[in-house]
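Before any comments, here is the structure.
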Amino acid sequence: MKPESGAIIFIRMPRGAIFEWEGHNYAFEEKGSDWYWALGIIAIAAVIACILFSNLILALVVAAGAGALALEAAKRPRVHYFAITDHGVVIDKNLYPYEDMLTFSVLEYADETMPPSLSIKTKHLLAPHLLIPIVGHDPVEIYEFFLPQVPEGRHDQSVFDHLITMLRF
């Protein structure tokens, strides 16, 4: 039985994993107290401005957003399981079939502390772009394996990626 296009398949263990590894989906940077103070000052100023303009609902949204941002910034990344199989890419227990992938690219960064990444654009509405750090494997081997499976494409950083880098989130 072939899965529908766009469907995420839940599996327990990949069969025939060609490459498999564990890694973090982003590099964690410890935030200093100055970062939290700046967030608090900006949030309080925004809340006061919302109250002065008689927009209490927006003031509550800004306060809740600042609190959520502070909690998310303090959270350390969890370790994910990655595998490349004959059927697709596995992230934790989710299989992303090759048929649902639009393009891929292997990204290498000028910053030596960042591992190379496998960037995949998919048809999935909830996961349109997968960025997988390559740990413990040669990126050239992964590139050569992917090339017959999925077309190669240019993958530039999005505005959201630049914003995350700028905020060091």
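Each value in this text was obtained by applying a stated rule to the coordinates, not by laboratory testing. None of these values were measured; they are calculated from a predicted model. Quick reminder, even Gly has a Cβ in these numbers, built from the backbone with ideal geometry, and neighbours come from all protein chains shown.
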**Request:** Give, in nm to one decimal, the length gained when the segment between GLU141 and ALA49 is fully stretched (0.36 nm per residue of separation minus the Cα-Cα distance).
**Result:** 27.7 nm
**Request:** Using Cα pairs closer than 8 Å and at least 6 residues apart in sequence, work out the relative contact order for segment 33-74, in percent.
**Result:** 40
**Complete:** Taking only Cα atoms of segment 35-131, the Rg to Rh ratio with Kirkwood Rh works out at 1.17
**Asked** Amide H to amide H under 5 Å from HIS80: which residues, 5+ apart in sequence or cross-chain, H placed 1.01 Å off N in plane?
**Response** GLY23, HIS24, ASN25
**Request:** Compute the projected area of the convex hull of the Cα atoms of segment 78-132, averaged over all viewing directions, and report it in nm² to one decimal place.
**Result:** 4.4
**Prompt:** Please state the equivalent ellipsoid semi-axes for segment 33-74: what are the square roots of 5 times the Cα gyration tensor eigenvalues, largest first, in whole Å?
**Reply:** 20, 11, 4
**Prompt:** At what distance in nm do the modelled label points of HIS129 and ALA64 sit from each other, each positioned 7 Å from its Cα along Cα→Cβ?
**Reply:** 2.7
